[in-house]
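**Q** Take this structure first; my questions come after.
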Amino acid sequence: MLFSLLFAILVGAGLVSLLKALFPNLGSTNISLITMLISTLLICVPVIAYLRFIGLSIRKRLRINSISKYSLFSIIIISIGFIIIVDELDRIVYTLFGAPEYLQELVEQLQITSIRNGVFIVFTTVIAAPLVEEMLFRGYLQKVLEESWRDITKAILATSLFFALVHLNPYWIVQIYLLGMVLGYLAWRTNSIIPGIILHGLNNGFAVALNNVEDVFNRYYNWYEHVNPLWIFIAIVLIIFGFKMLNKDLENQS
């Protein structure tokens, strides 16, 4: 697990230097996006190689299992509600502590300025990062901890903490930890990382959208720098309804 992260960091650092040397006019933002994409895709390589080496099923060990259409619909409903709640939590943190300078730099990197960099941003944040991170954290690490500790709650909490710390962003640590707990619960409850990939991808996609179509959100979604209370209410209803649907479907399958 740690080797996977170190591997990705080293590759990313080397790639930055290489791109700067070969393409001096590429621009720091494009270099960051390319490096982020390649590093993200490479994170799982050591884990997959290890599982292949010891002869274990990658699909089973990483919880790459299908879910029913009913569960899929439930997960989408839960995701929409949860994303709204996390967004409001993020705004509360911003109100209390303000936004650090490095966060503004990250926001600028997620600004879509052309079709090319838009494709990089969407593919990296909405597809590649959720897929790889769910395979690594909920698929591999959490499953190992569940089997070793035989305590689902501790396994989810520990994986969520590591997931939050690895992002190296103190400003988002509470939000990411909360996200990690929900992702961990869904992975355990469904025995699949697909729900986590969906929630994770929709969450990242919402962040990209919020960062690029702010006028639309200001008109229909925001309320004095916070989320409109009506949307908060809708989010709570969606989460409750979504979990009821999911539990019902899983009980029918068992």
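Read-outs: derived from the displayed coordinates by stated rules, not from any lab. Computed from a predicted model, the values in this text were never measured in an experiment. All Cβ positions, glycine included, derive from the backbone under ideal geometry; neighbour counts span all protein chains shown.
**Q** Quick one: how many lysine pairs in the chain have C-alpha atoms under 30 angstrom apart, if they're 8 or more apart or on different chains?
**A** 14
**Q** Between Glu101 and Ala209, what is the label-point separation in nm under the 7 Å Cα-to-beta-carbon projection?
**A** Simple spin-label model gives 3.4 nm for this pair.
**Q** Now for a separate question. To one decimal place, what Kirkwood hydrodynamic radius in Å is obtained for the range 107-254 from all pairs of distinct Cα atoms?
**A** Working: mean 1/r = 0.0590 Å⁻¹.
This gives a value of 17.0 Å.
**Q** Sort Glu88, Glu101 so the one with the fewest other Cβ atoms within 10 Å of its own Cβ comes first.
**A** Values: Glu88 18, Glu101 6.
Neighbour counts put them in this order, fewest first: Glu101, Glu88.
**Q** Tell me, Leu141, Leu168 in order of fewest to most beta-carbon neighbours within 10 Å? Mind dumping the intermediate values first?
**A** On the way: Leu141 20, Leu168 9.
Starting with the residue having the fewest Cβ neighbours, the order is Leu168, Leu141.
**Q** How would Lys69, Lys143, Lys60 line up from fewest to most surrounding beta-carbon atoms within 10 angstrom? Could you put the intermediate results ahead of the total?
**A** Values: Lys69 8, Lys143 21, Lys60 13.
Ascending number of Cβ neighbours within 10 Å: Lys69, Lys60, Lys143.
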